[in-house]
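Every read-out reported here was derived from the displayed coordinates using simple, explicitly stated rules and does not represent laboratory data. If you're wondering where the values come from, they're calculated on a predicted model, not measured in any experiment. Here Cβ is always computed from backbone atoms with ideal geometry, including for glycine, and neighbour counts include all displayed protein chains.
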Amino acid sequence: MSDTEPAATGASEPRLDREASIGALRELFHDGLISRDALEAAGARMGASLRWRFWIDRVLLVLGTALVLAGLISFLALHWHDLGRTIKLGGPAVLVVAAVLTALWVGLDRPVGRALLFAGSVFVGLFLGAFGQVYQTGADAWELFRAWWLLITFWVVASRHHEQWLLWIALVDVMIAMWYEQAARPPWIYTVWPWVVTALLQVAALVGLHFGNAKRYFVIPHVWPRWLLVPATLFLFVGPLSVQVVDKGLVGVDVWVLFLAYIGFLVAGFWYFRFHARDLFSLTCLGFSVVWLATCFVFRVARVFELRDVSMLLFVGLIVAAMLTGLVAWVRRIQKQMGNEA
């Protein structure tokens with residue numbers, strides 16, 4: 001045995017001879033000492049008893065980041081008229097550079113680095129807003145959001161983290177909504193096509209999330225973005241359909257395209273969330289969206305038969321209660337089946 005072997009062993013002991021925790025496992029993974037499969041297997045064997053520390057740490061990090069961002073934005077807005085042009089533009093620009101460089105120095109594989117990069121993405125929007133106020137460019141709000149998501153696209157792709165992609169998707173959604181409100185012209189303003197486009201964008205994001213996790217594009221695969229995207233997608237489908245069902249009925253090519261896309265999402269979503277992802281929360285969201293849309297149809301029927309006051313409330317209430325009871329029974333049955341299949 002050479003003289004260097006004991007030294008190497010002693011140097012590795014502080015890294016490996018540690019108390020088991022989610023954080024320690026992730027540090028070993030980030031430093032290349034264990035594989036991704038080993039990380040996932042060890043985390044599964046540890047169970048939920050140690051996971052609460054990890055989640056509390058992440059919740060506090062997210063909360064702290066949100067409070068810092070809100071504080072900086074509020075400070076700039078509150079003292080806007082007292083600040084010079086240099087501070088108005090230079091302050092957000094310095095924040096962008098400082099956040100991104102610090103994130104690269106800390107490392108994008110660490111939670112703090114990801115939080116800093118997310119803050120840098122938000123500061124880009126702050127800089128664009130300040131630039132528009134100082135120079136009064138006359139650009140519409142949707143153009144600001146377009147410039148925002150274009151400018152952060154590079155480091156969103158390079159970061160390979162879910163939170164950056166969710167921010168990017170949210171900016172695109174807001175841009176489409178702002179365009180519809182500020183720049184749309186007939187016949188766009190009388191249709192639900194923007195809802196169709198935005199809903200299909202969320203569907204594409206869900207598909208991308210699946211393949212990004214499966215193909216190991218994301219640094220650490222997570223399923224929690226799905227719990228944000230599924231309700232958002234269903235809202236974009238069911239929201240305009242509810243208005244159409246209650247007021248006008250399913251009239252128009254755009255409305256039928258939205259309705260058929262919603263039916264397709266229900267069918268594909270049930271298959272994927274039931275048999276592939278085994279996601280009870282997403283299945284519950286699908287079922288609740290059906291109950292909501294069916295309730296709107298019941299209101300439509302009540303209006304056709306000119307039910308009023310107590311009779312309408314009784315008619316609608318009984319049917320909604322029956323549908324919710326059926327939904328709860330269905331969810332419990334699915335949960336039991338998943339438990340038996342595990």
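Take each peptide in 192-199, 330-337, count the other Cβ atoms within 10 Å of every residue, and average; sorted highest first, the result is 192-199, 330-337.
Ranked for footprinting exposure by Cβ neighbours inside 10 Å, fewest first, 341, 181, 163 give 341, 181, 163. Projecting label points 7 angstrom from Cα along Cα→Cβ for residue 59 and residue 243 puts them 3.6 nm apart.
When you filter the trypsin sites (Lys or Arg not before Pro) in region 222-326 for DSSP loop state and at most 16 other Cβ atoms inside 10 Å of their Cβ, you are left with 278, 308.
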